[in-house]
Amino acid sequence: MGRALSAALALPALYLTAALIGSIVPVNHGWQEPAQGTTVYIADNGIHADIVMPVKADGLDWAPLVPKGDFAAADQNAQWLAFGSGEERVYLNTPTWWDITPRTILSALTGGKRVMHAEYVPSPSYAAREIRLRPEEYRRLWTAIRADFQLDARGRPQHLAHPGYGCCDAFYQATGKASAVRTCNSWVADRLRLAGVKASVWPPFIPGLVWRYRKTPQST
């Protein structure tokens, strides 16, 4: 019993230690932010992070892939999209943190099917961090996010029959799984890594993800 208890206590400690190291150690450590380029944003609620991008920039357009018809009442003038990824039960069944259950917590820890979340927003002004990208970096980021959507026979993301959290968001099938190791925040870091941007090697929590990037003027 004593050994089992010690092992149970050691696992969270090991996880937190790994999270600290993964949040400090960078990938693409030689990257420097350019003076000019396309700006993307990281928005978070303290627990979960999204990447906020222009609907159309650098010759790339999200509108045909994530059409506003997939959304209940998306603002037709919205020119920004927020993307996030997470475990299916956690995302679909917990519109607020009050809705979380032991089953969703277990799914988040042990792993489950991953889904993509997209939301049309009128402005990225609510985001806390911003990153300016070179054209080739922006294209790599766009491509990395698109590659995470599970596509149908026509090459379009597979929209899920879920009402979303409100008027302007929708869920899509994604590739792979999410877990305590592959969190929503480490997903953001991985997309930035694939874009060639300096990022923490494994930040499961918000602070370990965002500390590297400039604060937006409204968050300072």
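State all residues of region 151-207 that are among the charged types (D, E, K, R) and in contact (Cβ under 8 Å) with a residue 60 or more places away in the chain; if no residue qualifies, say none. Across region 151-207, the qualifying residues are 156, 169, 177, 182, 191, 193, 198.
One line per residue, one yes/no per condition, for (1) touching a Ser or Thr at 6+ places or on another chain (Cβ under 8 Å); (2) of a type in the set (A, V, I, L, M):
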residue	(1), (2)
25	yes, yes
39	no, no
43	no, yes
49	no, yes
52	no, yes
56	no, no
78	no, yes
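With respect to being at pLDDT 95 or above, among the charged types (D, E, K, R) and over 15 Å from the mean Cα position of the chain (by Cα), residue 134 fits the description.
Working only within region 144-159, note down all residues that are more than 13 Å from residue 85 (Cβ to Cβ) and either in contact with a strand residue (DSSP E or B) (Cβ under 8 Å, 6 or more places away or on another chain) or at pLDDT 95 or above (or both). Answer for region 144-159, where residues must be more than 13 Å from residue 85 (Cβ to Cβ) and either in contact with a strand residue (DSSP E or B) (Cβ under 8 Å, 6 or more places away or on another chain) or at pLDDT 95 or above (or both): 151, 158, 159.
Every test in (1) open to solvent by less than 60 Å² (accessible area, probe 1.4 Å); (2) not in a helix (DSSP H, G or I) is passed by residue 29 save one, and that test is (1). Once region 122-131 is narrowed to residues that are open to solvent by 10 Å² or more (accessible area, probe 1.4 Å) and not polar (S, T, N, Q), the residue that is farthest from the chain's Cα centre (by Cα) is 122. Of all the listed residues (49, 78, 43), the sole one being touching a Pro at 6+ places or on another chain (Cβ under 6 Å), of a type in the set (Gly, Ala, Ser) and within 23 Å of residue 143 (Cβ to Cβ) is 78.
Which residue, of 69, 37, 46, is surrounded by fewer than 19 Cβ atoms within 10 Å (Cβ to Cβ) and within 18 Å of the chain's Cα centre (by Cα)?
Of 69, 37, 46, the one residue that is surrounded by fewer than 19 Cβ atoms within 10 Å (Cβ to Cβ) and within 18 Å of the chain's Cα centre (by Cα) is 46.
For region 81-112, filtered to residues that are assigned to a strand (DSSP E or B) and either under 15 Å from residue 180 (Cβ atoms) or touching a Ser or Thr at 6+ places or on another chain (Cβ under 6 Å) (or both), the residue that is modelled with the lowest pLDDT is 112.
The values are calculated or read from the model by the stated rules, or taken from the named source; none is laboratory data. Not measured: the values here are computed from a predicted model. Neighbour counts run over all protein chains shown; Cβ positions are idealised from the backbone, glycine included. For accessibility, only protein heavy atoms count, side chains too; no ligands or nucleic acids. Shrake-Rupley method; radii C 1.70, N 1.55, O 1.52, S 1.80 Å.
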